[in-house]
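Rule-based calculations on the coordinates, nothing more; no lab input. Bear in mind the structure is a predicted one, so any value in this text is a computation, not a measurement. Neighbour counts are summed over all protein chains in view; Cβ atoms, including those assigned to glycine, are modelled from backbone coordinates with ideal geometry.
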Amino acid sequence: MRGLTKAGVEGGRNGWEDIGGLSHIRTAIQEMIELPSKFPNIFAHSPLRMRSNVLLYGPPGCGKTHIIGAAAVACSLRFISVKGPELLNKYIGASEQAVRDLFSKAAAAAPCLLFFDEFDSIAPKRGHDNTGVTDRVVNQLLTELDGVEALTGVFVFAATSRPDLLDAALLRPGRLDRLLFCDFPSWHERLDILKVLSRKLPLSADVNLEVIASMTEGFSGADLQALLSDAQLASVHELLDREATGERERIPIINDVLLKSVASKAR
Ligand code: ATP
């Protein structure tokens, strides 16, 4: 379990500027977290309940974990992040206690974003686990989520690439009832992600990221990151083979190498 961090300070995490695309998710999160704290009077007099619990779902590598870390930084929330399997303990009562402890810790740390990554591993449909551990964890999560409304400044987020595996009771109104879909990026989003990822990478002048975005349909953000890393390494080898690189500190990604790398990975 990663400990409590004042997001962006001890954690050294990224902010919105490190997220490419996903603008609909960013807007939804900003509405939920930032508006009520900026305009507390408007929301205090609203008869409607503000939804502060979110499930992000979508294919692996499409930025679910990344954007939640950025949200905590951008909204200056303390951040408690736990990967589902880390909570599971075969000893009776230990996993439920760990869930209780997390929610207490989040309440004490408010304003705080409590994030469950790989949520399907701790919250699958009940009645299928011979050990009964995940059934008890789901029951505990239900209890805690029902109580979280009374806590001010605790935002519960969860992420999964397998929403079909989750126990449906967790998604009922008042629990994780705001569902946000993180899909494979569109052309514009791929271009945006490539720009964000290459901000600190030297690119040779003839690299055209629009062309790369066109050639990478079906790539996730994680695939694009892997592509640039591979191309960077291959560029180093290429230059080492071609010439003595001397004292050069930053070797740019070479266009031909990048195109070759894209072609080898294209779906
Ligand atoms: P999983 O379901 O496997 O946990 P995920 O959807 O949570 O995947 P992330 O872990 O957020 O995916 O993404 C992996 C890496 O890919 C990130 O650390 C980041 O470097 C890069 N990445 C993914 N999407 C984006 C994006 N939209 N903008 C910038 N970087 C991205």
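Assorted remarks:
- Residue under evaluation A168, criteria (1) of a type in the set (A, V, I, L, M); (2) touching a residue at least 40 places away in the same chain (Cβ under 8 Å); (3) surrounded by 16 or more Cβ atoms within 10 Å (Cβ to Cβ), criterion not met: (3)
- Members of the stretch 119-140 found to be small (G, A, S) and within 16 Å of the ligand (Cβ to nearest atom), listed by number: S121, A123
- Selection over the stretch 121-169 of residues that are over 26 Å from P60 (Cα atoms) and in a helix (DSSP H, G or I) gives a count of 8.
- Against the criterion of being within 16 Å of the ligand (Cβ to nearest atom) and either more than 18 Å from the chain's Cα centre (by Cα) or within 25 Å of A222 (Cβ to Cβ) (or both), K83 qualifies.
- Some residue of the stretch 102-118 being within 16 Å of the ligand (Cβ to nearest atom), more than 14 Å from L176 (Cα to Cα) and touching a strand residue (DSSP E or B) at 6+ places or on another chain (Cβ under 9 Å): yes
- Test: residue in the stretch 139-150 that is touching a strand residue (DSSP E or B) at 6+ places or on another chain (Cβ under 8 Å) and either of a type in the set (V, I, T) or on the phi < 0 side of the Ramachandran plot (or both): yes
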